[in-house]
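Data block below; observations after.
Any read-out appearing in this document is the output of simple, stated calculations on the displayed coordinates, not a laboratory observation. Computed from a predicted structure; not experimentally measured. Every residue, glycine as well, gets a Cβ built from its backbone with ideal geometry; the counts of neighbours run over all protein chains shown.
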């Protein structure tokens, strides 16, 4: 509770936190008023401006943009959440092992992470997505993103664990005969919880942004709708040229404000959790 009060003193945290909550509420409450079966039915003509019939206008085939936006936001959050969990879990697991135990596996993990530092993750993601032409579901896309984004987490956690490995409390635990498993879960991981949570926030934002990016170029999920798919369809059907801003701006705005809120949260939390950055 005290920690949360300290976070609330940070204006950037308050902005990021409440912005993120508002977006989540929009997705959750909006779903209560959207029929998951008929939300993508045509209700008017092509690129009809916002009206009482379609509050945010219609897209290139006459579908109301608002329910598409609500469903797409939920899908993007799902992809980001699943990808973030996978990337954070895999990266933390390997990072803790490599940083504390070392050995041959540490060398292999270092080699893989260095390789991914040379080859951009987005390029790898594009190659994998383009190789899977059929069956690219939201879940599969999230898994692919998570399995290609874990290396940064691994490298960061490894560095944190390496600095803790030589601590006095670790030496004392070894003298007391504690097993490696107990040392990791009792004396190492508790010190990393705040850091791992910040890493997860970044991975969540990365997952949302990556899904939007690959969907915009047609390599996202082949079924359903997401914010990236809405942007892709608007671009492919000349919404910008036709001046139909309502077909792409709401999706672009939600993606931007959501990712920005998450990055703001991470930055403000780092300022509180990291003593070297903490304001006097």
Within region 241-262, list the residues whose amide N lies under 19 Å from a label point set 7 Å along Cα→Cβ of residue 18. 257-262
Please work out the Kirkwood hydrodynamic radius for region 1-148, using every pair of different C-alpha atoms, and report it in angstroms with one decimal place. 19.2
Relative contact order %, the chain, counting alpha carbon pairs below 8 Å whose residues are six or more apart: 27
Most packed first (mean Cβ within 10 Å per residue), the peptides 98-107, 194-203 order as 194-203, 98-107
Please compute the modelled spin-label separation between residue 44 and residue 242, points set 7 Å along Cα→Cβ, answer in nm with one decimal. 1.3
Helix axis angle, 189-216 relative to the chain longest principal axis, alpha carbon, degrees: 30
Which of 269, 32, 71 ends up with the largest GNM mean-square fluctuation for the chain, with Cα atoms connected below 10 Å? 32
Virtual spin-label span in nm between residue 111 and residue 166, 7 Å along Cα→Cβ: 2.6
To the nearest 10 degrees, how steep is helix 121-131 against the longest Cα principal axis of the chain, on a 0 to 90 scale? 60
If you work out semi-axes √(5λ) of the Cα gyration tensor in Å from the coordinates, which of (i) 30, 22, 20; (ii) 41, 22, 14; (iii) 39, 22, 18 do you get? (ii)
Under the Debye formula (equal points on every Cα, no solvent term), log10 I(q)/I(0) of region 170-258 at q = 0.22, 0.26 Å⁻¹: -1.01, -1.19
Provide the gained length on full extension for the span residue 253 to residue 133, in nm with one decimal, where the gain is 0.36 nm per separating residue minus the Cα-Cα distance. 40.3 nm
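Relative contact order, percent, of region 4-140 when contacts are C-alpha pairs under 8 Å separated by at least 6 residues?
Taking the mean separation of contacting Cα pairs over the length of region 4-140, I get 14 percent.
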Just want to confirm a number: the relative contact order over region 159-261, from Cα pairs under 8 angstrom separated by 6+ residues, in percent. 19
What's the angle, to the nearest 10 degrees (0 to 90), between helix 138-148's Cα axis and the longest principal axis of the chain? 40
Between residue 178 and residue 81, what FRET efficiency follows from the Cβ-Cβ distance if R0 is 45 Å, with the result rounded to 0.05? 0.85
Take residue 11 and residue 31, extend 7 Å from each Cα along the Cα→Cβ direction, and tell me the distance between the two endpoints in nm. 3.5
